[in-house]
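Reading through the structure tokens given below for one structure.
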């Protein structure tokens, strides 16, 4: 099974909490989220969190291949990962929106797999923003999203 950023983690991306008040990862099964300390001293904060080119690493799974298990079930495995370097100030919604609008077919394919075809098309067409896809840490149903468009 492939880990994804679930709506709960997406909704927390970029949020700031006081010491001791942040939700402690892992927040769900296969959670890859982590906390990053933020300091009031801007120079210290900048030195600790910014790379030379002001980017951070984002891993993207490549095309998977199906595996047939002895019990009759199937799952996908991903042998290689592509690495992207989004701007350090980008949050998940901004990054995924950039993947939807990317000129690279592999980026668009990744976004379509993560979001699902209907959500992908709603974001791509501009009918909805990424932020609209979930509410209070829960993914909205397609029915709920269509209601938002009206």
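Laboratory data are not the source of any read-out in this text; all were calculated from the coordinates shown. No experiment lies behind these values; they were computed from the predicted model shown. Quick reminder, even Gly has a Cβ in these numbers, built from the backbone with ideal geometry, and neighbours come from all protein chains shown.
Some notes on this structure:
- Computed label-point distance, nm, for sites residue 27 and residue 131 using a 7 Å Cα→Cβ extension: 1.7
- Chain lengthening between residue 75 and residue 148 when straightened (0.36 nm per residue, less Cα-Cα): 22.9 nm
- Label positions at residue 121 and residue 67, each projected 7 Å from the Cα along the C-beta direction, are separated by 3.3 nm.
- Among 135, 92, sorting on how many other beta-carbon atoms sit within 10 Å of each Cβ, with the fewest leading, yields 135, 92.
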